[in-house]
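Participant: One structure follows; several queries about it will come next.
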Amino acid sequence: MTPVPLPLASRLAALDRPEDHPERARLILHALGDPSPQVREVAIAWAARVLEPDVLIPLVANGSDAMLRNAAFAALERQGPYAMEAVEQAVTAADADLAMFACQVLGSIGADSSVAPLIAALDRSEVNVVQAAAEAVGRLRLREAVAPLVGLLQREPWLQLAAADALGAIGDPLAADALLALVPDTMVAEPALEALARIAASTAVPHLLGFLADPRNARLRGPLVRAAGASLTAASEGTTPPAHDLLAFGRSVEADHGEAGLWRFLADRLAGGDEPPGLVSILDTGDDRGQSRAGGETLRAAAILVLAGGIATLFPPLFKWAEARDGRAWVEPLARRYVECLAPLAESLLTHSDPGVRAGALWVLPPTVIGAARFRAALEDSAPGVRVAACRGIGATGDAGAARSLAALLDSASPEERLAAAEALTRLPQEAQLAYLAPRLEPSTDETVLLAVLGALALLHCPGLDERVLHLAGIATGQVRRSALRAVAAISGPRAEVMLLRALADRDPGLQVEALDLLVLRGSDRLGATLLAMLGVADSLRYHVIRALGRLGRADAVAPLKSLFSSAPLHERVEILTALARLGGDPARQFLRQCLDQSQPEIRRVAAQGLAAVAEPEDLDLLARLARDKDWVLRSEAAQALGRLGPGPARPVLLDLVRDLEPAVARTARAALAER
Amino acid sequence: MIEATEADWKLLTDLLAERFGLTFSGPRQEILAARLRPRLEALHLEGLREYYHYLCFHPGREEEFCELTRRITNNETYFFREGAQLDAIVQHVLPESAQLMRERPLRILSAACSSGEEPYSLSVRLVDSGSELLGAKWEIDACDLNPARLEAARRAIYEGFSFRNCDEETRRRCFQEVEPGRFLLRERYRRAVRFFHANLAGPFAGIGWGSYDVILCRNLLIYFDPEGFDRLISRFAQLLRPGGYLFLGHSESLFDRGPGFEPVYFSDCMAYRRIGSES
C-alpha cells in the first residue's frame, strides 16, 4: 500500500526541530526530495545550515532523482565558502557525474584556490566534465585557464562554445587571435564574436573590419559591429589601427547604400532599430549579457565605427542622439575623440534641416569648432531645443556679445530656456552679469524670471550680485525665499552664514530643514555651536539637528547626544545612534555597545548597525555573540562588521554565517568573506 | 542607485510586503529604488535604512505611507483595456444572470481600480448594451489603495493617455470636453459606480462575504509574492458568490493556484468561476 503523504503543514513542521534533534538530518535529507517547492526551499536552508558538504556532495550526482540533486546543489551553493574545500576535492572524483556537478557548484562558489582542480578537470577525457570546468573557470574569471581554454577551441562544438564564452568572461587579449580564427566557422562564429566584444582587443580591429566589409558575413553584422566597436572603444592612441585603414573601411561602406549593404545596417542601428536576434542572444546564458547585447550596445558600437571610418552621411542620425541628456553622455566623448574628422563637417551639422541634429551638434561639438557667431545665430533658431543648447555653448565660451539675446530669452521663453539663459549669463564677464542679471534680481521682477536667475546663482556664485541676493533672501517669501537661500549658500562669509542660521527659525518647517542642509553642505564655522544649543529645544527640527550633527562630524557632539538619548522620543533616539556611528571614536563606540543591551529590538538593531560601522578589533567577541543572536538584523550587522575588520579569527564566525537560514545574512557574510 | 545593504533592502521590502502585500524582488527592486529616490530627497534622507527608520518611527510616518502608496502602486491604466473581458461580461455573464437580476442588481467589484478607467469602461459597455431596457440592473464597486487615484476616479475627468484604446466616436458620445484636451465622463455612465478605499492585502472592512457576482482584478497579482497571491485569491473566493466570475489580467493565471475556481473560456478571453453551490 502506498503511504499517504503528510499534509504540507506537517511536513514543514517536521523540519522545525531543534538543531540537535537526533532525527534532524534524516528529516532534512528526506525533505530535500519533497514534491512541494515550499518544503524543499525550507529543507535547502536547513541543509545548508546543519548538513556537512560531505553529506550533500554525493547527492548532486544522484542520477535517479533530479529534484533531490537540484536541492542538494542549491544547499551547497548556499554554503558557499564553507563547502568550497570539499567541492574542490569532488572535482577530482573518478565518478564523471560527480566531478561534473562539482565543477558546476564550484563555478558559483569557487575562488582563486579553485584554479588547480578546475584546470586539471579541463584536461579530462569526459566531455561533460570538461564543459562544466570551462564554464566554471569562465564564471570565476580565472586568467590561468586561458591557455587550456584556447586549446579547447579546437575541440568539439560544445566545448568550443563553452571555451569561447569563458574566454570572453575572462577578457584576456591573448585569446583574441584564436577566437578570430573561429569567425568564418558558421557554428561558433557568433559566440566567438561575442567573446571578442567582451575582450575588446585593439589588435582585433583590422580583422573585424575585414569581416564586416565582406558581404558573405552579412548575418554576423550585429556581433561583428559590437566586437569592432568595443575593440575601437578600448583602443588607446598608440594602439588604434592606422587611420587610412579605418577611412578605407568607411569609403567601402559609403560606396553601397543599398538595402542589403552595411551602410543600411548601420543607418538602421543609428535610427534606433532593433537587430534580428542571433543564435547567442536566443540562448539563455543565465548571466547579465542579455542586457548588454541590447540595442544600446550595438548602437554605440555602430556610432564609433561611423566616426572612426568617417562615414559622413551617417553623422546626422548619430548627432541626433546627442539632443537628449542620455545620448549626450555617450556621444560627447566620441565627438571629442574624433573631432578632427568632424570639424570640416560641423557647419553642415549645425545647419541641418533636422533641429535634433542641430541641437545635438551644438551640445557635443567643441565650442572652438562651432564658433561664437554660430552660437549667437542658434539663439534665434526656431526650435527651443537648439536655443537651449546654444545657451550652454555661449556660457562655456563666455561670449558677452550674446548677453542681450540671452536676457531676451530669460524674459520671455519657456522655463527650460529661461534657466539655460540664466545659467549662461552667470558665466559671462562680470560687467554682463551686472548689466543683465542685477536688474532681474529686483523684488518686483516676474517670479519665473527671478526663480531662473536664483536657480542659476545657486549653481554658480557671482560675487558682483551678492548684495542683491542677500537682500532678496531677507525680504522674499515662499518659493523665491527658498531659491534665494540656495543662492545665499553659494556666497562665502559671515553675512551669508547668519542669513542661513536665521532661516533655522523660519516659520516654514520645510525651509528650516532646507537651511540646515545648506549649512551642513556649506561647512559653516558657527553651525556646530548653534546646533548643539538647538538640541535643548524639543521641536520637529531637533530630529534634523541630530542628523546634521552626525553629518558635520563634530566630536564635541558625542556627549550632548548621549545625554539627550534617554529622554528623546524613539525616532530621535534612532537618529542619535546613527549620528554617533557617523561621529565614531571610543565614547560613541562604547555607547553603541551599551545600547545592545537595551530591551527594545529596534534600538538594538540601530546600535548594531552603528557598531558595524565603527567596530574595532577589541569588539570581536561581542560581534561573535551578535552573530548568534536570534534577530537576523543583528547577525547581518555582525557579518558586515566582521567583513570590515577582516582579521583571521573572524573567519570561522563568517563561515558559520554563510550558512545562516536568513538569505540576507548569508549573502552579507559571503560578501564579507570575499572582500578579505 | 540608492546606497543600500542586503539588510536595508530586506527590512524595507518586508515592511512594504507587510503593509501593502506587495513584493519588490529582483528587477522590481530597481524600480522601487527609482520611485523612492525623490522621497529620500524630499525628506533629506541619505539611504534606504534611514528611510526605513522614518517609516517605522518618525511622527510623520503615516503621511509618508500615504505618499509612498502613490509612488509604488502601478497606476498604468486606460479605457477599454483588455476589452474582450468587458464584452464577455456583457454578452455572457449578464444574460446568464437574468434571473438573479429580477431580485437584485448584478454586483461587480473592480479591485485595484486606480483612477477609475476600468469600472467606467465596464459601465459604458453595460449601459451601451441596452440591457437596462430588458430589466438588467447592476452596481459596480471599485476600490484602490491610493487615495489620490480614487479622488481622480471620483472626478472622472480624463485626458490623453487614458484614451489610447478609445475611438473618437466613443469618446465624443461618452465624454464631455470640459476644457481643451480634458473630458468628463457623462453622468449616466458614472452613476452606477461607487468608489472606496481599501488595502487588498490588509483587513478588508465594509464588504460582505459572498457579495459579488463578478470581480475584476487585472494586472495586480503580478506584484504579489506567492503567499500574498494565495491570500488575495482566498479573499476573492470569499467575496464571490458560488458561480461568480473572477477576471484576471492576461499574464495572470490561477493554474495550480486557486483550488476554489475553475477556468471558463469565452470566445476571446477566459475567466475563473467560483466552484460550489449556492446555499
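Participant: Can you tell me which residue among A:Ala72, A:Ala14, A:Ala48 is surrounded by 11 or more Cβ atoms within 10 Å (Cβ to Cβ), without any contact (Cβ under 8 Å) to a residue 40 or more places away in the chain, touching a Leu at 6+ places or on another chain (Cβ under 9 Å) and not in a loop (DSSP other than H, G, I, E, B)?
Facilitator: Details: A:Ala72 fails: without any contact (Cβ under 8 Å) to a residue 40 or more places away in the chain; A:Ala48 fails: without any contact (Cβ under 8 Å) to a residue 40 or more places away in the chain.
On inspection, the qualifying residue turns out to be A:Ala14.
Participant: Out of region A:517-556, which residues are in a helix (DSSP H, G or I), within 14 Å of chain B (Cβ to nearest Cβ) and not aliphatic (A, V, I, L, M)?
Facilitator: The answer is A:Asp517, A:Arg542, A:Tyr543, A:His544, A:Arg547, A:Gly550, A:Arg551.
Participant: Also, quick follow-up: Just checking, does region B:69-76 include any residue being within 25 Å of the chain's Cα centre (by Cα) and within 14 Å of chain A (Cβ to nearest Cβ)?
Facilitator: Residues of region B:69-76 that are within 25 Å of the chain's Cα centre (by Cα), as a first pass: B:69-76.
Imposing the further condition that a residue be within 14 Å of chain A (Cβ to nearest Cβ) reduces the set to none.
Checked against the condition, which is being within 25 Å of the chain's Cα centre (by Cα) and within 14 Å of chain A (Cβ to nearest Cβ), region B:69-76 yields no hits at all.
Participant: Which residues, taken from region B:141-172, are in contact (Cβ under 8 Å) with a residue 40 or more places away in the chain, closer than 28 Å to B:Phe65 by Cα and not in a helix (DSSP H, G or I)? Spell out how you get there, then give the answer.
Facilitator: Within region B:141-172, the first condition is being in contact (Cβ under 8 Å) with a residue 40 or more places away in the chain, and the residues that meet it are B:141-150, B:153-154, B:156, B:158, B:161-166, B:170.
Within this subset, residues satisfying the condition of being closer than 28 Å to B:Phe65 by Cα are B:141-150, B:153-154, B:156, B:158, B:161-162.
Listed by number, the residues that qualify are B:Asp141, B:Ala142, B:Cys143, B:Asp144, B:Leu145, B:Asn146, B:Ala156, B:Tyr158.
Participant: Here's another thing I want to ask about it. Return only the number of the condition from (1) at pLDDT below 95; (2) under 17 Å from A:Ala490 (Cα atoms); (3) among the polar types (S, T, N, Q) that A:Thr426 does not satisfy.
Facilitator: Answer for A:Thr426: the failing condition is (1).
Participant: Let me ask you something else. Hand me the list of helices (runs of 4 or more DSSP H) wholly inside region A:144-199 holding 1 or more residues that are closer than 17 Å to A:Gly229 by Cα. If you could, list the steps in order and put the result at the bottom.
Facilitator: Values: elements: A:146-152, A:157-170, A:176-180, A:189-199.
Fully inside region A:144-199 and qualifying: A:157-170, A:176-180, A:189-199.
Participant: I've got another one for you. Which pairs turn up if I take residues in region A:645-673 that are touching a residue at least 60 places away in the same chain (Cβ under 8 Å) and more than 14 Å from chain B (Cβ to nearest Cβ) and look for partners that are charged (D, E, K, R) and surrounded by fewer than 23 Cβ atoms within 10 Å (Cβ to Cβ) with beta carbon separation below 6 Å, at least 6 apart in sequence or on another chain?
Facilitator: Taking only residues 6 or more apart or on different chains, the pairs are A:Arg659/A:Arg49.
Participant: Okay, next question. Only one of (1) farther than 30 Å from A:Leu535 by Cα; (2) modelled with pLDDT of 95 or more; (3) within 14 Å of chain B (Cβ to nearest Cβ) is not met by A:Leu623, so which one is it?
Facilitator: Only one criterion is unmet by A:Leu623, namely (3).
Participant: The conditions are (1) more than 14 Å from chain B (Cβ to nearest Cβ); (2) part of a helix (DSSP H, G or I); (3) hydroxyl-bearing (Ser, Thr, Tyr), and A:Ser599 fails exactly one of them. Which is it?
Facilitator: Status for A:Ser599: all satisfied but (2).
Participant: Got a sec? Which of A:Glu85, A:Glu77 is within 34 Å of the chain's Cα centre (by Cα), farther than 24 Å from A:Leu152 by Cα, surrounded by fewer than 17 Cβ atoms within 10 Å (Cβ to Cβ) and of a type outside the set (Val, Ile, Thr)? Walk me through it before giving the result.
Facilitator: Details: A:Glu77 fails: surrounded by fewer than 17 Cβ atoms within 10 Å (Cβ to Cβ).
Only one candidate qualifies: A:Glu85.
Participant: Could you check how many residues of region B:21-48 are at pLDDT 80 or above and closer than 16 Å to B:Phe65 by Cβ?
Facilitator: Of the residues in region B:21-48, 11 are at pLDDT 80 or above and closer than 16 Å to B:Phe65 by Cβ.
Participant: Any idea how many residues of region A:491-513 are surrounded by fewer than 19 Cβ atoms within 10 Å (Cβ to Cβ), assigned to a loop (DSSP other than H, G, I, E, B) and not hydroxyl-bearing (Ser, Thr, Tyr)?
Facilitator: Here the count works out to 5.
Participant: Which numbered condition in (1) within 24 Å of A:Arg522 (Cα to Cα); (2) surrounded by fewer than 18 Cβ atoms within 10 Å (Cβ to Cβ) is the only one that A:Pro601 fails?
Facilitator: That leaves (1) as the condition not met.
Participant: A:Val105 - would you say it is free of Cβ contacts under 8 Å to residues at least 40 places away in the same chain, assigned to a helix (DSSP H, G or I) and not acidic (Asp, Glu)? Let's see the steps before the verdict.
Facilitator: On the way: free of Cβ contacts under 8 Å to residues at least 40 places away in the same chain: no; assigned to a helix (DSSP H, G or I): yes; not acidic (Asp, Glu): yes.
So A:Val105 fails the test.
Participant: Next question, about the same structure. Residues in region B:1-12 that are more than 10 Å from every other protein chain (Cβ to nearest Cβ) and in a helix (DSSP H, G or I): how many? Break it down into steps so the answer makes sense when it comes.
Facilitator: Looking only at region B:1-12, we keep the residues that are more than 10 Å from every other protein chain (Cβ to nearest Cβ), and these are B:1-4, B:12.
When the remaining residues are screened for being in a helix (DSSP H, G or I), the result is B:12.
Total meeting the criteria: 1.
Participant: Quick check on A:Glu572: is it within 13 Å of chain B (Cβ to nearest Cβ), within 31 Å of the chain's Cα centre (by Cα) and either within 23 Å of B:Pro59 (Cα to Cα) or crowded, with 24+ Cβ neighbours inside 10 Å (or both)? Steps first, answer last, please.
Facilitator: On the way: within 13 Å of chain B (Cβ to nearest Cβ): yes; within 31 Å of the chain's Cα centre (by Cα): no; either within 23 Å of B:Pro59 (Cα to Cα) or crowded, with 24+ Cβ neighbours inside 10 Å (or both): yes.
It is false that A:Glu572 is within 13 Å of chain B (Cβ to nearest Cβ), within 31 Å of the chain's Cα centre (by Cα) and either within 23 Å of B:Pro59 (Cα to Cα) or crowded, with 24+ Cβ neighbours inside 10 Å (or both).
Participant: May I ask you to say which residue of A:Ser64, A:Ser113 is in a loop (DSSP other than H, G, I, E, B) and either within 26 Å of A:Ala181 (Cα to Cα) or of a type outside the set (A, V, I, L, M) (or both)?
Facilitator: Details: A:Ser113 fails: in a loop (DSSP other than H, G, I, E, B).
Within the list A:Ser64, A:Ser113, the selection yields A:Ser64.
Participant: Quick check on this structure: which one of B:Leu55, B:Leu36, B:Leu15 is among the aliphatic types (A, V, I, L, M), assigned to a helix (DSSP H, G or I) and away from chain A (no Cβ under 14 Å)? Give the steps one after another, and end with the answer.
Facilitator: Values: B:Leu55 fails: away from chain A (no Cβ under 14 Å); B:Leu15 fails: away from chain A (no Cβ under 14 Å).
Just one listed residue meets the conditions, B:Leu36.
Participant: If you don't mind, another one. State all residues of region A:126-143 that are outside any helix (DSSP H, G or I) and either of a type in the set (Phe, Trp, Tyr) or under 20 Å from A:Gln89 (Cβ atoms) (or both); if no residue qualifies, say none.
Facilitator: Kept after step one, since they are outside any helix (DSSP H, G or I), are these residues of region A:126-143: A:126, A:140-142.
Within region A:126-143, A:Glu126, A:Leu140, A:Leu142 meet the criteria.
Participant: Still on this structure, I have one more. Which condition breaks for B:Asp87 when tested against (1) more than 14 Å from every other protein chain (Cβ to nearest Cβ); (2) part of a helix (DSSP H, G or I); (3) surrounded by 19 or more Cβ atoms within 10 Å (Cβ to Cβ)?
Facilitator: (3)
Participant: Let me ask something additional. Can you tell me which residue among B:Glu30, B:Glu63 is touching a residue at least 24 places away in the same chain (Cβ under 8 Å), within 14 Å of another protein chain (Cβ to nearest Cβ), assigned to a helix (DSSP H, G or I) and surrounded by fewer than 16 Cβ atoms within 10 Å (Cβ to Cβ)?
Facilitator: Exactly one of B:Glu30, B:Glu63 is touching a residue at least 24 places away in the same chain (Cβ under 8 Å), within 14 Å of another protein chain (Cβ to nearest Cβ), assigned to a helix (DSSP H, G or I) and surrounded by fewer than 16 Cβ atoms within 10 Å (Cβ to Cβ), namely B:Glu30.
The values are calculated or read from the model by the stated rules, or taken from the named source; none is laboratory data. Quick caveat, the model's predicted, so the values are computed rather than measured. Cβ: placed from backbone, ideal geometry, glycine included. Neighbour counts: every protein chain shown.
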